[in-house]
Amino acid sequence: MTADPIGPATTARESIRAALARVPGVTAYAAAPDNPVDFDAFPRWALTNYTGGKLRNLAVHEYDALVILPAGYEPDTVAQGDTLLDAVARELRTIGEVRTADPVSLGQPTAPMPALRVRVVPRNQP
């Protein structure tokens with residue numbers, strides 16, 4: 001059996017990318033770019049919960065919407081994160097339920113990139 005390339009996960013990822021693209025100053029991708037830079041944003045699959053439906057278990061996918069922040073001078077990083085957080089959450093609420101947000105470091109331990117991580121559950125799932 002071949003998996004359908006167009007399905008709930010593909011649709012969910014694209015809806016998150018489109019929401020992130022509406023945030024001023026953010027460049028949105030469907031997946032992490034090869035060389036991410038400040039203000040790049042992308043969804044990353046976080047987990048799937050299988051819940052009971054009447055005829056089968058339903059998969060409910062959760063994603064982390066990640067936005068790279070400028071590294072270096074911490075007060076600048078904090079200011080950018082504070083400015084972007086509500087804008088990112090507002091756009092993501094248009095496509096699903098926003099659950100949590102937190103600061104994270106992405107990349108290698110020697111060159112971490114600060115980022116916002118916002119957990120979202122898109123509505124366009126079965």
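Just to be sure I understand the filter: pairs with C-beta atoms under 6 Å, separated by 6 or more residues or on different chains, first member in the stretch 39-60 and under 14 Å from residue 117 (Cβ atoms), second member surrounded by fewer than 12 Cβ atoms within 10 Å (Cβ to Cβ) and modelled with pLDDT of 85 or more. Which pairs pass?
Hits for this filter: 42/31.
If you check residue 60 against the conditions, is it at negative phi, within 16 Å of the chain's Cα centre (by Cα) and not acidic (Asp, Glu)?
Yes.
Kindly list the number of the only condition in (1) touching a strand residue (DSSP E or B) at 6+ places or on another chain (Cβ under 9 Å); (2) at pLDDT 95 or above that fails for residue 126.
In the conditions (1) touching a strand residue (DSSP E or B) at 6+ places or on another chain (Cβ under 9 Å); (2) at pLDDT 95 or above, residue 126 misses (2) alone.
Being more than 15 Å from the chain's Cα centre (by Cα) and over 13 Å from residue 67 (Cβ atoms) is the filter here, so list the residues in the stretch 78-123 that pass it.
78, 79, 107, 108, 109, 110, 111, 112
Which condition number does residue 98 fail, the rest of (1) farther than 17 Å from residue 123 by Cβ; (2) without any contact (Cβ under 8 Å) to a residue 40 or more places away in the chain being met?
(1)
For the stretch 62-95, what are the residues that are in contact with a Ser or Thr (Cβ under 9 Å, 6 or more places away or on another chain) and either without any contact (Cβ under 8 Å) to a residue 24 or more places away in the chain or of a type in the set (Gly, Ala, Ser) (or both)?
71
Please go through the stretch 6-29 and give me each residue that is crowded, with 18+ Cβ neighbours inside 10 Å and assigned to a strand (DSSP E or B), ordered by number.
Of everything in the stretch 6-29, just one residue is crowded, with 18+ Cβ neighbours inside 10 Å and assigned to a strand (DSSP E or B), namely 28.
Counting only residues that are surrounded by fewer than 12 Cβ atoms within 10 Å (Cβ to Cβ) and either of a type in the set (D, E, K, R) or within 11 Å of residue 101 (Cβ to Cβ) (or both), which one in the stretch 70-86 is modelled with the lowest pLDDT?
Only one residue fits best here, namely 74.
The values are calculated or read from the model by the stated rules, or taken from the named source; none is laboratory data. These numbers were taken from a predicted model, which means no experiment stands behind them. As a convention, Cβ positions derive from the backbone with ideal geometry for all residues, glycine included, and neighbour counts pool all protein chains shown.
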